[in-house]
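Visitor: Could you have a look at this structure, given as structure tokens, before my questions?
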Amino acid sequence: MKILYFFCGEGLGHTTRTIAAGKALIKDHDVLFASYGYAKDFLEKSGLPAIEVPSEFKLVGKAGALDIKESIFTTIKKTNPTSFFKYVSVIGKHKPDLIISDSFYFPTLIAKSKGIPLWMVINQTNVDKFFSEHEESIRWVGNAVKKFNHNSLGGVDKILIPDFALPYTISAQNLVFTPKMIEKVEYIGPLVRKNKSEIKAKEKKKSVFASIGGFGYRKQMLEKLTRVASNLPDYKFTLVTGPNSGELKNTKNISVHGTILDPLKMMAESSLTICGGGHSTIMESICLAKPVLSMPDMFHFEQESNANQLQTLGLGARIDYKTPEPILEELITTYSNDRQIKKRLERMAELAKKVDGRKNLAKLVSEFEKRK
């Protein structure tokens with residue numbers, strides 16, 4: 001069966017779970033992926049075929065904080081009005097039997113007009129909070145986005161949530177459904193590249209895997225972590241900094257890396273993960289039974305909600321760039337050694353194996369093909 005799989009290229013969270021989905025689907029189906037920029041290149045490096053399409057929305061941040069107003073203006077300024085026809089052309093050329101879209105909205109409109117079934121993979125339907133605390137002009141844009149979001153999701157054939165079902169849903173605070181949506185919603189389970197049982201790695205006690213990047217205020221956190229590491233000489237720190245690592249150097253207990261295509265083994269060998277507030281990295285950490293210290297981007301409601309829910313479920317804690325070094329040290333030593341937390345995460349990792357999002361997605365596609 002021919003599947004056209006669109007995925008949002010803002011950040012790499014959508015990309016990593018598309019890789020997970022793609023490697024499960026491509027075994028039995030003809031799957032072509034569509035995205036843009038660094039996300040498309042990253043997916044291709046993982047061995048999956050992709051084509052370039054225009055972006056829908058351009059997220060802009062300042063000093064590591066999401067700037068909604070500037071994001072709106074940049075999107076309006078840089079979006080080519082003919083972009084929509086590029087999506088029409090791609091769909092018309094490849095004639096898919098099914099379109100799957102990870103947080104990419106325009107294909108939903110085209111699929112509906114052409115009578116092509118479309119499934120949306122998404123971990124956020126609540127867009128109100130992104131705009132609610134801004135001036136009236138921005139709130140007006142927010143109302144328009146909310147209406148478009150609800151209309152689009154109301155018209156798809158399936159809404160697939162790549163998360164645990166309640167009460168364990170990490171993205172719970174980010175999900176709001178209308179009556180038209182609710183009958184289409186399926187919690188397919190974590191859509192991660194590998195579960196704990198699939199990685200041959202032995203956990204190294206007193207080891208920290210930190211993937212937070214080195215831009216904006218996150219650079220301050222990286223520098224803070226190096227000072228924390230010097231106060232915890234019996235711990236080993238692996239820092240994934242991205243391209244903006246600055247002057248950070250390897251030391252006796254710090255290993256510095258740039259961008260890594262697949263960090264899962266490093267994560268599996270650690271006793272604790274420190275990351276941003278993105279849904280995908282948090283899910284991968286939980287599925288590997290790793291407690292998480294999550295530092296969401298400032299003013300990014302979706303990431304903040306993920307971090308809050310993580311803490312509510314007792315699987316980690318929310319931090320930010322102002323968290324003092326003594327508290328960071330306390331959190332690192334507590335969460336990497338607490339047996340009760342470890343047991344809780346081991347149960348979550350076992351649950352992830354039972355409700356594997358890759359297998360559930362492949363099963364849904366197989367059932368759809370048989371009906372078709």
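The values are calculated or read from the model by the stated rules, or taken from the named source; none is laboratory data. Note that this is a predicted model, so its numbers are computed, not measured. Note that we place each Cβ from the backbone using ideal geometry, even for glycine, and neighbour counts take in every protein chain shown. Calculation scope for accessible area: heavy atoms of the full protein, side chains included, ligands and nucleic acids excluded. Shrake-Rupley method; radii C 1.70, N 1.55, O 1.52, S 1.80 Å.
Visitor: Any residue in the range 336-343 that is under 30 Å from ILE116 (Cα atoms) and either out of contact with any Cys (no Cβ under 6 Å at 6 or more places or on another chain) or modelled with pLDDT under 95 (or both)?
Guide: No.
Visitor: Among the candidates LYS290, LYS196, which residue alone is open to solvent by less than 40 Å² (accessible area, probe 1.4 Å), basic (Lys, Arg) and either in contact with a Gly (Cβ under 8 Å, 6 or more places away or on another chain) or under 26 Å from TYR168 (Cβ atoms) (or both)?
Guide: LYS290
Visitor: Also, quick follow-up: So for the range 357-370 (the condition being within 30 Å of ASP102 (Cα to Cα) and of a type in the set (Phe, Trp, Tyr)), does at least one residue qualify?
Guide: Yes, the conditions are met somewhere in the range 357-370.
Visitor: Criterion first (of a type in the set (A, V, I, L, M) and either open to solvent by 20 Å² or more (accessible area, probe 1.4 Å) or in a loop (DSSP other than H, G, I, E, B) (or both)) does LEU351 satisfy it?
Guide: Yes.
Conditions tested, residue by residue: (1) acidic (Asp, Glu); (2) touching an Asp or Glu at 6+ places or on another chain (Cβ under 6 Å); (3) open to solvent by less than 50 Å² (accessible area, probe 1.4 Å); (4) within 23 Å of ILE122 (Cα to Cα).
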site: ASP297; (1), (2), (3), (4): yes, no, yes, yes
site: HIS300; (1), (2), (3), (4): no, no, yes, yes
site: GLN303; (1), (2), (3), (4): no, yes, yes, yes
site: LEU310; (1), (2), (3), (4): no, no, yes, yes
site: LYS322; (1), (2), (3), (4): no, no, no, no
site: LEU328; (1), (2), (3), (4): no, no, yes, no
site: THR333; (1), (2), (3), (4): no, no, yes, no
site: ASP338; (1), (2), (3), (4): yes, no, no, no
site: ARG347; (1), (2), (3), (4): no, no, no, no
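Visitor: Conditions: (1) touching a residue at least 60 places away in the same chain (Cβ under 8 Å); (2) surrounded by 14 or more Cβ atoms within 10 Å (Cβ to Cβ); (3) under 27 Å from GLU346 (Cα atoms). LEU239 meets all but one. Number of the miss?
Guide: (1)
Visitor: Here's something else I'd like to know. I'm trying to understand the selection: among the residues of the range 327-337, which are touching a helix residue (DSSP H, G or I) at 6+ places or on another chain (Cβ under 9 Å) and without any contact (Cβ under 8 Å) to a residue 40 or more places away in the chain?
Guide: Within the range 327-337, THR334 is the sole residue that qualifies.
Visitor: When you look at ILE159, is it among the β-branched types (Val, Ile, Thr) and either at pLDDT 90 or above or under 19 Å from the mean Cα position of the chain (by Cα) (or both), yes or no?
Guide: yes
Visitor: Kindly establish whether ILE110 is at pLDDT below 90 and open to solvent by less than 50 Å² (accessible area, probe 1.4 Å).
Guide: Judged against the criteria, ILE110 is not a match.
Visitor: Could you please find all residues in the range 200-236 being touching a strand residue (DSSP E or B) at 6+ places or on another chain (Cβ under 8 Å), assigned to a helix (DSSP H, G or I), at pLDDT below 90 and closer than 29 Å to GLU346 by Cα?
Guide: Result: LEU222, single match.
Visitor: For the range 28-58, what are the residues that are of a type outside the set (Ser, Thr, Tyr), in contact (Cβ under 8 Å) with a residue 60 or more places away in the chain and in a loop (DSSP other than H, G, I, E, B)?
Guide: Once the filter is applied, which keeps residues that are of a type outside the set (Ser, Thr, Tyr), in contact (Cβ under 8 Å) with a residue 60 or more places away in the chain and in a loop (DSSP other than H, G, I, E, B), the range 28-58 yields ASP28, HIS29.
Visitor: Let me ask something else. Step by step: first the residues of the range 261-274, then only those that are under 12 Å from THR238 (Cα atoms) and not in a helix (DSSP H, G or I), then the one that is most open to solvent (accessible area, probe 1.4 Å). Which residue is that?
Guide: That would be PRO263.
Visitor: Here are LEU66, LEU25: which of them is surrounded by 14 or more Cβ atoms within 10 Å (Cβ to Cβ) and at pLDDT below 95?
Guide: It is LEU66.
Visitor: Further, regarding this structure: Please state which of the following conditions THR169 fails to meet, knowing it meets all the rest: (1) of a type in the set (Val, Ile, Thr); (2) touching a residue at least 60 places away in the same chain (Cβ under 8 Å); (3) outside any loop (DSSP other than H, G, I, E, B).
Guide: Of the numbered conditions (1) of a type in the set (Val, Ile, Thr); (2) touching a residue at least 60 places away in the same chain (Cβ under 8 Å); (3) outside any loop (DSSP other than H, G, I, E, B), the odd one out for THR169 is (3).
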